[in-house]
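**Q** Could you have a look at this structure, given as structure tokens, before my questions?
The values are calculated or read from the model by the stated rules, or taken from the named source; none is laboratory data. Remember, predicted model here, so these are calculated numbers, not experimental data. Cβ coordinates were reconstructed from backbone atoms using ideal geometry, including for glycine residues, and neighbour counts include every protein chain displayed.
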Amino acid sequence: MKCPHCDQVIATLHVGPISRIIAEVCEDYGITRNELLSDRRIKELAIPRMIAMARSIDETDATYSTVGRVFKRDPTTVRHAHEKYGNRSYAYVVNTRPQLRQMGQG
């Protein structure tokens with residue numbers, strides 16, 4: 001029988017490192033934590049959100065489910081973000097920053 005509190009305890013263990021990743025991505029893209037974690041799907045928020053989810057998988061031992069709970073997303077959404085942006089040189093990601101900022105100003 002599975003402990004009903006195990007998932008919550010596991011998610012709590014990862015909150016610190018994932019919060020650091022969220023803060024770094026928000027600073028890099030000039031957005032707030034609330035914007036990153038919002039339901040809005042505009043490109044200026046969706047790409048940084050996917051990058052943060054992918055980094056959370058790459059840089060912690062968190063599962064798709066755990067990261068999904070932190071970001072309030074389905075685990076399949078986290079998996080998609082990881083497939084698209086995870087385990088990749090972040091040089092590509094860094095190069096998207098100016099274009100995203102310009103779109104936000106336009």
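**Q** Right, residue 87: outside any helix (DSSP H, G or I) and modelled with pLDDT of 60 or more or not?
**A** yes
**Q** Can you tell me which residue in region 36-78 is farthest from residue 18 (Cα to Cα), limited to those that are of a type in the set (Lys, Arg) and in contact (Cβ under 8 Å) with a residue 60 or more places away in the chain?
**A** Step by step, filter region 36-78, then rank; the result is 43.
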